[in-house]
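What follows is one structure encoded as structure tokens, with my remarks underneath.
The values are calculated or read from the model by the stated rules, or taken from the named source; none is laboratory data. Owing to the predicted nature of the structure, the values given are computational and were not obtained by experimental measurement. Because the Cβ atoms are built from the backbone with ideal geometry, glycine has one as well, and the counts that use them run over all protein chains shown.
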Amino acid sequence: MPKAVKFRTQPDAGFNRPGVNVPTSGLPSAGEATIDAPANDAVSAPQSAGSPPTGRQLRMARRIAQKHGLKVKTDQEAVQALRDRGIDPFERSNMLQLVSAEDEAAAVPAVARPAPPKPVMIDEDHRASEIMKIQRDIAKRRRRRLALLLTRLTFFVGLPTLIAAIYYYAIATPMYATKSEFIIQQADAASAGATGLGGLFSGTGLATQQDSISVQSYLLSRDALNRLDADLGFTAHFARENIDALQRLDADASRDDAYRLYKRMVEIGYDPTEGVIKMEVVAADPEVSASFSGALIGYAEEQVDQLTARLREDQMDGAMESFAAAEKRMLEAQSRSVDLKERVGVGSALAEESLIYSQIGAIETEIRSERARLEQLLSNPRPQQTRVQVSQSNIERLEQELSGLRASLTGTEAGDSNLARATAELEVAQQELVTRQLLLQQAAQQLELARIEANRQVRYLSTPVPPIAPDEATYPRSFENTLLAFLIFAGIYLMVSLTAAILKEQVSG
């Protein structure tokens, strides 16, 4: 893009560009009269020798070349082509001829500048009439905009609200809601046996909060839907023809559609502060609604029983297995002790040993008395041989008996009648029997504790508000739903209008 040349005019200087020589020939003198040419006059002074042509002269040369039928691409080529034909493109006669021909073809009219407006004097009456005219125009535009606004509100807000009102008041099928409440409670033994923080919260809803949340989740699961459908025909009830199309379940509906309808018709809430589970079941018939609610409460009670059944069974099974094993080992120890006593032939080793010791003492006493008698006989100068022999034979017999008794105690003789071995075995068997009896007692105590703990884990479901069939339809709530539809459509229209206004302002700005 060419840049504009900056220059400053001076009083004694001309208006020509630097380096451009203006020919002086043909110019009128100061004393001659000059006639201003029109603005669209194409006649210019002839080109002086040695000076470069101006842009205007080049354009005139190209037009002359086109007049003579020469095909050129640039102004310089036009000048060169004309000079090759012997035509001076900058000769004044050629330029005038071109201008005269163009004037004959189509005369270019001079641009007439409009005259400046003249000030008009306005009186008070004319001013008041103009103001009234402007006010009427503004009021007309306001009425037009208000009419357009009312039309848009009627079409986008009023008509959808009217359709919703017609549906809720005339088309929607009446639905009956059965409300019920139930509580999950812990066994009474928990309050008596619990200690610490567990005892503080045992009587509150916090003790069964986890169980209540689990039951709530189960009642809203697909398993509960399948059981309710199999027992009472939940999907078949909502697929009847007397239910409107928006609430009716299609005959070929999938299980996902049935589950979405189930979650919409069964509402369950849990209050953690009171520990109460509130349930609302909606159906097209009040009796059916009450039966659905009762069935769900039964499912909840079964689920409560199953929550702690495994824990209680595990505790009781472990304790009973330990007790059975301890009892079996005790009976085996007792059987071994009885067999040993029968084999040895001794009822009590201690009593048998005491009896043998008493016999040994008695025999030793007799031996001492016989020896004293024998010494007394031998102290005579002429003892009686018969009595001496009898005394000696008595001492030998008593000593044999004494050695036999001592042999039975010390085990110097082999055989089953060894009292020392029998006594040791009987003592070991007796100690094992005592140990097994102690272990059996501990197992019995553990079994009892496990039974108490299992009783503590028991949960009960009580129903303070049983399900009762309603007398009047609960849904639809026609007025509330219509008002809600109006607010929703109005809000959507407002947001769309604001968005369109902002975008329009951004685009126009």
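Things worth noting here:
- Any hit, segment 402-420, residues being in a helix (DSSP H, G or I), at pLDDT 80 or above and not β-branched (V, I, T): yes
- Selected residue (criterion: surrounded by the fewest Cβ atoms within 10 Å (Cβ to Cβ)) from residues of segment 353-366 that are β-branched (V, I, T) and at pLDDT 80 or above: T365
- Every pair of residues 6+ apart whose Cβ atoms lie under 6 Å, when the first sits in segment 57-69 and is free of Cβ contacts under 8 Å to residues at least 60 places away in the same chain while the second is aromatic (F, W, Y) and buried (at least 17 other Cβ atoms within 10 Å of the Cβ): Q57/F90
- Residue check, V338 under 18 Å from S462 (Cα atoms) and among the aliphatic types (A, V, I, L, M): no
- Within segment 239-246, none of the residues are outside any loop (DSSP other than H, G, I, E, B) and either among the polar types (S, T, N, Q) or free of Cβ contacts under 8 Å to residues at least 12 places away in the same chain (or both).
- Answer residue from segment 221-243, given it is over 13 Å from L296 (Cα atoms) and surrounded by 15 or more Cβ atoms within 10 Å (Cβ to Cβ) and is nearest to the chain's Cα centre (by Cα) among those: T235
- Among residues of segment 172-185 that are among the small types (G, A, S), those with a beta-carbon under 6 Å from a residue that is assigned to a strand (DSSP E or B) at least six positions away or on a different chain give the pairs A177/E280; A177/V282; S180/M279; S180/V465.
- Failed item, numbered, when L487 is tested on (1) in the same structural domain as Q185 (by the TED database); (2) out of contact with any helix residue (DSSP H, G or I) (no Cβ under 8 Å at 6 or more places or on another chain): (1)
- Some residue of segment 169-188 being at pLDDT below 95, assigned to a strand (DSSP E or B) and under 30 Å from G491 (Cα atoms): yes
- Residue that is surrounded by the most Cβ atoms within 10 Å (Cβ to Cβ) [pool: residues in segment 273-302 that are out of contact with any Leu (no Cβ under 8 Å at 6 or more places or on another chain) and part of a helix (DSSP H, G or I)]: S289
- Subset tally (residues that are more than 16 Å from V428 (Cα to Cα) and at pLDDT 65 or above) for segment 340-352: 2
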